[in-house]
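Asker: To start, I am sharing the structure in question, which I have written as structure tokens.
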Amino acid sequence: MKDGKIVVLQVLGGLNVGGAESRIMDILRNIDRDKIQYDFLLHSLGPDAYEEEAKSLGANIYRVPRFNLVNTPAYKKAMKDFFSSHPEIDIVQGHITSSASIYLPIAKKCGVKATIAHTRSAGVDKDLRGYLTLMLTKHLDKKCDYMWACSTEAAISVFGQDNYDKGLVRVIPNAIDVDKFACNKDDEIKKICDEYNLADKFVVGHVGRFNDVKNHTFLIDVFAEIAKLRDDAVLMMVGKGPLMDNIREKVKGLGLADKVIFTGGRSNVKDYYANMDVLVFPSKYEGLPGTIVEAQSSLVPCLISDVITKDVDVTGLVKYESLSEEPVKWAKNAIKLYDCTRDITIEQASQALKERGFDVTSQVGKLKRIYEKLVM
């Protein structure tokens, strides 16, 4: 502990705008910071997007080299040196499950009271890196004190059906500030509408990092079909990432450059949802995508891949489609989803999300109590 606070170290790849990072920052903004101290151990070079805000909220930022298997001895030494130098840390909450089997046991040996492996994904890429991740997480349940997951699927994927059935995995849904997403300022909405010339357009939206799991290639194929069916259609993609240039080239190749908007990463994403007519989200796998929770808070209907957890369907605004279906079927269903009458108000959607535990203002109280029990 430090100054009477429980010190919880959040281990992440970085602190840029992304699913896990945004959810943890929401918690940091709302948790009782007189009782709980969040610090961050990052594997990025920095500075990262949320870094200054985290510091302003009392967090300390630390860094270690990114783990790449080849540097295993150096990585172990860096972790041992770090935890030996920070005896004030009470709890380690590790969100990088690929190397958690290395750093969590080291933290425990250095005196940390409780170690948590917290998975926010229900799959891995089908490549060498994904295979190595599976190998590294194979016995993760034996390398941590507690197992947490953002959804049922994520729990089973990483910790196994047996651990889940025995109740050994705590499922904590990714929570957002529901009221913030439900209350949009008209002037900010109009500003974005004017900036991108969205008036009288059918706006298909997507929010997510440009990497393979988000399946932007398929998303572009779906939008190409939507554009054939609706002349007024535009696609607005919020996010950035390593595959953005590849997707730009695909868009150009299909002659859709004047209909596709790349906004880059945005911290005011709630105002972008308010300009979307429908959100299309064909991810190859997810833990529990906060994007879909956010969209429902903004009353945006969502067409998503059927590999995504059913836990995220709270308001009736979510419809599932198989990735084995042709893009044209996705396109027709996206348009149909928008055209359907929605028998739910934004207030009702907010209440439904809160009742299902997706609101951060209620979740922080539960987390505080959990942290307190872990260090008793």
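Asker: Is it the case that region 344-355 has a residue that's in a loop (DSSP other than H, G, I, E, B) and modelled with pLDDT of 95 or more? Outline the logic, then answer.
Answerer: Of all residues in region 344-355, those in a loop (DSSP other than H, G, I, E, B) come to 344-345.
Narrowing further to those that are modelled with pLDDT of 95 or more: none.
Within region 344-355, none of the residues are in a loop (DSSP other than H, G, I, E, B) and modelled with pLDDT of 95 or more.
Asker: Pick from 202, 210, 218: which is more than 29 Å from residue 119 (Cβ to Cβ) and assigned by TED's automatic domain parsing to the domain that holds residue 348? Show your work before the answer.
Answerer: Working: 210 fails: more than 29 Å from residue 119 (Cβ to Cβ); 218 fails: more than 29 Å from residue 119 (Cβ to Cβ).
Criteria check complete, one pass: 202.
Asker: Quick test for you: out of 271, 258, pick the one residue that is modelled with pLDDT under 95, under 16 Å from residue 194 (Cα atoms) and not assigned by TED's automatic domain parsing to the domain that holds residue 121. If you could, list the steps in order and put the result at the bottom.
Answerer: Numbers: 258 fails: modelled with pLDDT under 95.
Testing whether each residue is modelled with pLDDT under 95, under 16 Å from residue 194 (Cα atoms) and not assigned by TED's automatic domain parsing to the domain that holds residue 121 leaves just 271.
Asker: Taking residue 329, is it assigned to a helix (DSSP H, G or I), in contact with a strand residue (DSSP E or B) (Cβ under 9 Å, 6 or more places away or on another chain) and surrounded by fewer than 19 Cβ atoms within 10 Å (Cβ to Cβ)?
Answerer: yes
Asker: Can you tell me which residue is farthest from residue 291 (Cα to Cα) among those in region 311-327 that are free of Cβ contacts under 8 Å to residues at least 24 places away in the same chain and hydroxyl-bearing (Ser, Thr, Tyr)?
Answerer: Among residues in region 311-327 that are free of Cβ contacts under 8 Å to residues at least 24 places away in the same chain and hydroxyl-bearing (Ser, Thr, Tyr), the one farthest from residue 291 (Cα to Cα) is 324.
Asker: In region 1-102, which helices (runs of 4 or more DSSP H) lie fully inside it and hold 2 or more residues that are among the β-branched types (Val, Ile, Thr) and closer than 29 Å to residue 207 by Cα?
Answerer: Numbers: elements: 19-30, 51-56, 72-85.
Ranges flagged: 19-30.
For (1) more than 20 Å from residue 177 (Cβ to Cβ); (2) surrounded by 14 or more Cβ atoms within 10 Å (Cβ to Cβ); (3) in the same structural domain as residue 370 (by TED's automatic domain parsing); (4) modelled with pLDDT of 95 or more, each residue gets a yes or a no:
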residue	(1), (2), (3), (4)
23	no, yes, yes, no
48	yes, yes, yes, no
58	no, yes, yes, yes
67	yes, yes, yes, no
82	yes, yes, yes, yes
104	yes, yes, yes, yes
109	yes, no, yes, yes
127	yes, no, yes, no
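Asker: A further question on this structure: Would you please name the residue that is surrounded by the most Cβ atoms within 10 Å (Cβ to Cβ), looking only at residues in region 230-241 that are outside any strand (DSSP E or B) and of a type outside the set (Lys, Arg)?
Answerer: Here is the first cut: in region 230-241, the ones outside any strand (DSSP E or B) are 230-232, 240-241.
So of that shortlist, the ones also of a type outside the set (Lys, Arg) come out as 231-232, 241.
On the way: 231: 9, 232: 10, 241: 17.
Among residues in region 230-241 that are outside any strand (DSSP E or B) and of a type outside the set (Lys, Arg), the one surrounded by the most Cβ atoms within 10 Å (Cβ to Cβ) is 241.
Asker: Something else about it: Select from region 201-218 the residues that are outside any strand (DSSP E or B) and either in contact with a strand residue (DSSP E or B) (Cβ under 6 Å, 6 or more places away or on another chain) or free of Cβ contacts under 8 Å to residues at least 40 places away in the same chain (or both) and list them in ascending order. I'd like the intermediate steps shown before the answer.
Answerer: Looking only at region 201-218, we keep the residues that are outside any strand (DSSP E or B), and these are 201, 208-218.
Within region 201-218, 201, 208, 209, 210, 211, 216, 217 qualify.
Asker: Still on this model: Every residue in region 111-125 that is in contact with an Asp or Glu (Cβ under 6 Å, 6 or more places away or on another chain) and at pLDDT below 95, please.
Answerer: Here is the first cut: in region 111-125, the residues in contact with an Asp or Glu (Cβ under 6 Å, 6 or more places away or on another chain) are 113-115, 122, 125.
Scanning region 111-125 gives 122, 125.
Asker: Check region 361-368 and report whether any residue there is among the aliphatic types (A, V, I, L, M), over 16 Å from the mean Cα position of the chain (by Cα) and not assigned by TED's automatic domain parsing to the domain that holds residue 52.
Answerer: Step one: filter region 361-368 for residues among the aliphatic types (A, V, I, L, M), giving 364, 367.
Pick out the ones that are also over 16 Å from the mean Cα position of the chain (by Cα) and you get 364, 367.
Still in the list and also not assigned by TED's automatic domain parsing to the domain that holds residue 52: none.
No, because not a single residue in region 361-368 is among the aliphatic types (A, V, I, L, M), over 16 Å from the mean Cα position of the chain (by Cα) and not assigned by TED's automatic domain parsing to the domain that holds residue 52.
Asker: Quick check on residue 338: is it assigned to a helix (DSSP H, G or I) and touching a Phe, Trp or Tyr at 6+ places or on another chain (Cβ under 8 Å)? Before the answer, list the steps.
Answerer: Details: assigned to a helix (DSSP H, G or I): yes; touching a Phe, Trp or Tyr at 6+ places or on another chain (Cβ under 8 Å): yes.
Yes.
Asker: Would you point out which residue out of 331, 349 is touching a residue at least 40 places away in the same chain (Cβ under 8 Å), among the small types (Gly, Ala, Ser) and under 22 Å from residue 193 (Cβ atoms)?
Answerer: Details: 331 fails: under 22 Å from residue 193 (Cβ atoms).
That would be 349, the only listed residue that is touching a residue at least 40 places away in the same chain (Cβ under 8 Å), among the small types (Gly, Ala, Ser) and under 22 Å from residue 193 (Cβ atoms).
Asker: Could you count how many residues in region 265-277 are of a type in the set (A, V, I, L, M) and surrounded by fewer than 15 Cβ atoms within 10 Å (Cβ to Cβ)? Step through it out loud before you land on a result.
Answerer: The first filter runs over region 265-277 and keeps only residues of a type in the set (A, V, I, L, M), leaving 269, 274, 276.
From what is left, the residues that are surrounded by fewer than 15 Cβ atoms within 10 Å (Cβ to Cβ) are none.
Selection size over region 265-277: 0.
Asker: From the list 196, 164, which residue is of a type in the set (Ser, Thr, Tyr), closer than 30 Å to residue 366 by Cβ and modelled with pLDDT of 95 or more? Outline the logic, then answer.
Answerer: Details: 196 fails: closer than 30 Å to residue 366 by Cβ.
Matching residue, one of 196, 164: 164.
Asker: For region 149-179, enumerate the residues that are surrounded by fewer than 16 Cβ atoms within 10 Å (Cβ to Cβ) and either touching a residue at least 24 places away in the same chain (Cβ under 8 Å) or not assigned by TED's automatic domain parsing to the domain that holds residue 366 (or both).
Answerer: If the condition is that a residue be surrounded by fewer than 16 Cβ atoms within 10 Å (Cβ to Cβ) and either touching a residue at least 24 places away in the same chain (Cβ under 8 Å) or not assigned by TED's automatic domain parsing to the domain that holds residue 366 (or both), then 168, 170, 179 are the ones that fit.
Asker: Still on this model: Mind listing whichever residues of region 242-264 are assigned to a loop (DSSP other than H, G, I, E, B) and either surrounded by fewer than 16 Cβ atoms within 10 Å (Cβ to Cβ) or β-branched (Val, Ile, Thr) (or both)? Write out each step before concluding.
Answerer: If we filter region 242-264 for residues that are assigned to a loop (DSSP other than H, G, I, E, B), which is where we start, we get 242-243, 254-259.
Residues satisfying the conditions are 242, 254, 255, 257, 258.
The values are calculated or read from the model by the stated rules, or taken from the named source; none is laboratory data. The model shown is predicted, which means the values in this text are computed figures rather than measured ones. With ideal geometry, Cβ positions are generated from the backbone for all residues, glycine too; neighbour counts draw on all protein chains shown.
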